[in-house]
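For reference, the structure discussed in these notes is given below.
The numbers here are math on the coordinates, done by the rules we state, and not lab data. Predicted model, so just to flag it, every value in this text is computed and none were measured. For neighbour counting, all protein chains shown are included, and Cβ atoms are generated from backbone atoms with ideal geometry for every residue, glycine included.
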Amino acid sequence: MALILVVDDEEMIREALKQIFEEEGHKVIGQPTAHDALRWLKKYKPDVIFLDVKMPRMSGMEALEEFQKIHPDVPIIMLTGHGNEEVAFEAARKGAFDYISKPPDLNKLLITLRNALENKTLKTEVKKLKQKKDEVPPLIGVSPAMQKVKELIEKVAPTDVRVLITGESGVGKEVVAKHLHLKSQRAGGPFVSINCGALPSELIESELFGHEKGAFTSAVRQHIGSFERANGGTLFLDEIGEMPLSAQVKLLRALEEKAITRVGGEKKIPVDVRVISATNKDLKKEVEKGNFRLDLYHRINVVEIHIPPLRERPEDIPPLVEHFVKQLKEEGLPEKKFPPETLKELQKLPWPGNIRELRNAIERLMILVENDTITPQHIKEFIT
């Protein structure tokens, strides 16, 4: 349910819009003048504003600027009985989301409202993603292999080149992708992640490209896909080796045309997205088996960043343990000491789950061991 403010000096228009929007399940507040609306806006925040252009004392165009000062992130849709290109241009120039001619067409009204609400949701998501930038895990590692990874990130990140990140599960492929995003010129845009292996094959196209209402049985409303949500930023396709061939064809077309078509739709929608992919599979072997398209492989693998498994870089374990102890202490667990002999014991283990498994092991030790110091015996008792 959305809270909608309708500002119009014609009571008939206010009541008509109120009835239409309330039938859709929304709450509507009507105000007859811009001054009345300004007083209301200082106390409350709507999700969308419908604003008449021609009103006494303060026009809609004047009110538009005042409203934006109070709530700059609320989409405003102009209502005009004198709709023309000049009005539309002026409204857009001043920051209006859209405009509708009076008397309003029902379908146009509802579609514009839906688009405004979706736009507001996208902006909120982007804002949250920007606030979470500082929460991106650091890229920890002193081994030559990790130094090479860091150097590649520094070289590749400022460009818009497509990157394929390879490595076993748990090595930190998404962390590398986030660092590529944050060091790029797209850092101010969204970072959208989709796990291709976690979605049923029949849903992955909808998740990637979105769908129109009625595209299939359960499509009761329009859905904006990951490509559109990542517009202006980065789309991270994790476990791309699990993507079905049918979706690979559409992904290749999207990369070539820089445009997508929603499932059940016909209109091509331009998208400005940098695609970073990741896989724990050998995609060359998958190509040979017929499970992955060769042309798509070349499209996504302009630069490859390989992250070796933890067992091949044991020198990275001590700094990782230090980081996890500090992190878990901040989460409320009692601090524990890991002396050199204990770290050596940890370095001997194979860690098939890599960094993710190591973190879980450190957390288990900090919870279960009552002593302040973790010994090699504790490793044997709780880990091996």
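Once the Cα atoms are used to define both axes, helix 11-23 deviates from the longest principal axis of the chain by about 40 degrees.
Assuming charge only on the beta carbon of Lys and Arg (+1) and of Asp and Glu (-1), the dipole of the chain about its Cα centre is about 620 debye to the nearest 20.
Taking the DSSP beta bridges with both ends in the chain, the antiparallel portion is around 10 percent. The long axis of helix 60-70 is offset from the longest Cα principal axis of the chain by roughly 30 degrees. What number do you get for segment 339-379 when its Cα radius of gyration is normalised by 2.2 N^0.38 Å, N = residues? The reported ratio for this selection is 1.12.
With N the number of residues in segment 3-120, Rg(Cα) / (2.2 N^0.38 Å) evaluates to 0.94. Stretching ASP282 away from ALA198 to a fully extended chain increases their span by 28.4 nm, per 0.36 nm per residue minus the current alpha-carbon distance.
For trypsin sites (Lys or Arg not before Pro), the sites in segment 328-360 that DSSP calls loop and that have at most 15 other Cβ atoms within 10 Å are LYS348.
Magnitude of the charge dipole for segment 11-106, about its Cα centre and with charges confined to Cβ atoms of Lys, Arg (+1) and Asp, Glu (-1), is about 480 debye.
Other residues lying with their Cβ under 14 Å from the Cβ of LYS258 contribute a combined charge of +1, Lys and Arg counting +1, Asp and Glu -1.
May I ask for the distance between the Cα centers of segment 91-125 and segment 1-44, given as a whole number of Å? Between the Cα centres of segment 91-125 and segment 1-44 lies a distance of 15 Å. The calculated pair-distance distribution of segment 168-311 uses every alpha carbon pair, bins of 5 angstrom beginning at 0, and gives 2, 9, 19, 22, 21, 14, 8, 3, 1, 0, 0 percent. Against the main long axis of the alpha-carbon atoms of the chain, helix 144-156 sits at an angle near 20°.
Just so you know, the Cα atoms of the chain work out to an Rg and Dmax of 26.7, 82 Å. The fraction of Cα-Cα pairs per 10 angstrom bin, counted from 0 for segment 132-238, comes to 13, 39, 30, 14, 4, 0 percent, rounded to whole percents. For ALA259, the residues whose amide H sits under 5 Å from its own are VAL271, ignoring neighbours fewer than 5 places away on the same chain, with H placed 1.01 Å from N. Each of GLN68, SER101, ILE29 was scored by the projection of its Cα onto the charge dipole of the chain, and the greatest displacement toward the positive side belongs to GLN68; charges sit on the C-beta of Lys, Arg, Asp and Glu.
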